[in-house]
Amino acid sequence: SYQVGEREVTTDMGLTRTREAWKLDDVWTALVVPTTTGVLVNGEAVPGSPVAVFPGTYTATSASPLVAVTAQPATVEGPGSVGVQLNAKRSLTDAGRKAAVDATKQRLAACVAATVSAPKNCPWSIADAGASIVPNSVGYKLVGDPWASYKPELADKAGTVTTGRLSFRVDATASMRYQGVAVPVSKSFTVTTGVAVTLGGKAPVVVFTG
């Protein structure tokens with residue numbers, strides 16, 4: 001017999017005799033953890049699922065301050081228990097949401113600072129049929145507050161990617177060459193785009209998804 005929590009459990013276990021000693025048979029139970037990335041089981045990282053465990057009570061916590069993990073404890077009554085799962089739910093912590101917003105602000109600021117008509121990994125481009133833009137003559141200005149409605153949330157089971165949507169207006173200026181003559185032009189347009197932020201690496205990676 002043994003205790004699981006405050007309860008005493010009595011069960012039968014097989015024994016196998018080896019040259020050295022008697023050994024218990026089938027003392028392990030398979031604990032299913034649907035997603036193990038970023039999850040600690042009883043404070044320890046696990047390489048995959050299912051996890052071979054002794055009888056006892058098991059809890060899930062987060063390995064990252066950016067993601068919260070909540071789960072009801074899973075109790076393994078004895079060897080050979082069937083269908084024992086540790087179901088963890090993930091959500092962004094305040095620190096995780098701030099990391100996603102800060103990374104998006106930094107990426108969008110780089111887009112606004114660009115001087116080309118189609119800045120790389122930015123949610124807009126400008127062009128005018130029949131004209132060519134004078135190199136490095138483009139300027140952008142962000143109008144309004146796109147952050148008031150930007151609410152990133154976790155999007156994948158691994159708990160490392162956030163998604164959200166941005167909507168804002170951009171005022172653009174440039175010099176365009178018509179028939180050899182440089183002409184100043186301006187354009188105002190509204191941008192609505194999805195944003196995916198991958199957290200957990202050395203630095204967040206931001207992608208505008210359209």
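So here's what we get for this one:
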{"item": "Meets criteria (closer than 28 Å to ALA99 by Cα and open to solvent by 60 Å² or more (accessible area, probe 1.4 Å)) for GLY139", "result": "no"}
{"item": "From ARG169, ARG177, ARG165, residue being open to solvent by 60 Å² or more (accessible area, probe 1.4 Å), under 32 Å from the mean Cα position of the chain (by Cα), of a type in the set (D, E, K, R) and over 30 Å from LYS89 (Cα atoms)", "result": "ARG169"}
{"item": "Scope the stretch 85-126; condition at pLDDT 90 or above, more than 30 Å from ALA63 (Cβ to Cβ) and touching a Ser or Thr at 6+ places or on another chain (Cβ under 6 Å); matching residues", "result": "PRO123"}
{"item": "Meets criteria (exposed (fewer than 14 other Cβ atoms within 10 Å of the Cβ), in contact with an Asp or Glu (Cβ under 8 Å, 6 or more places away or on another chain) and hydroxyl-bearing (Ser, Thr, Tyr)) for SER186", "result": "yes"}
{"item": "Which listed residue is touching a residue at least 12 places away in the same chain (Cβ under 8 Å), among the small types (Gly, Ala, Ser) and within 15 Å of CYS111 (Cα to Cα), from ALA182, ALA196, ALA172", "result": "ALA172"}
{"item": "Filter pass, GLY159 being of a type in the set (Gly, Ala, Ser), assigned to a loop (DSSP other than H, G, I, E, B) and under 30 Å from VAL39 (Cβ atoms)", "result": "yes"}
{"item": "Count - residues of the stretch 21-44 that are open to solvent by 80 Å² or more (accessible area, probe 1.4 Å) and modelled with pLDDT of 80 or more", "result": "1"}
{"item": "Members of the stretch 30-49 found to be under 16 Å from SER91 (Cα atoms) and small (Gly, Ala, Ser), listed by number", "result": "GLY38"}
{"item": "Lone unmet requirement of (1) open to solvent by less than 60 Å² (accessible area, probe 1.4 Å); (2) of a type in the set (Gly, Ala, Ser); (3) in contact (Cβ under 8 Å) with a residue 24 or more places away in the chain; (4) within 30 Å of ALA203 (Cβ to Cβ) for ALA74", "result": "(4)"}
{"item": "The one condition in (1) open to solvent by less than 30 Å² (accessible area, probe 1.4 Å); (2) more than 21 Å from THR209 (Cβ to Cβ) that ILE126 fails to fulfil", "result": "(2)"}
{"item": "Residues (aliphatic (A, V, I, L, M) and under 18 Å from the mean Cα position of the chain (by Cα)) located in the stretch 180-210", "result": "VAL195, ALA196, VAL197, LEU199, ALA203, VAL205, VAL206, VAL207"}
{"item": "Test: GLY201 is at positive phi, surrounded by fewer than 13 Cβ atoms within 10 Å (Cβ to Cβ) and out of contact with any Lys or Arg (no Cβ under 8 Å at 6 or more places or on another chain)", "result": "no"}
{"item": "Wholly within the stretch 9-125, strands (runs of 3 or more DSSP E) carrying at least 2 residues that are of a type in the set (D, E, K, R)", "result": "89-92"}
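Quick grid of which residues meet (1) part of a loop (DSSP other than H, G, I, E, B); (2) among the hydrophobic types (A, V, I, L, M, F, W, C); (3) modelled with pLDDT of 95 or more:
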| position | (1), (2), (3) |
| --- | --- |
| ASP128 | yes, no, no |
| SER137 | yes, no, no |
| MET176 | no, yes, no |
| PRO184 | no, no, no |
| VAL195 | no, yes, yes |
| GLY210 | yes, no, no |
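The values are calculated or read from the model by the stated rules, or taken from the named source; none is laboratory data. None of the values given here were measured: they were computed from a predicted structure. Positions of Cβ are backbone-derived with ideal geometry, glycine not excepted, and every protein chain shown enters the neighbour counts. Each accessible area value is taken on the protein alone, full model and side chains, heavy atoms only, with ligands, DNA and RNA left out. Shrake-Rupley method; radii C 1.70, N 1.55, O 1.52, S 1.80 Å.
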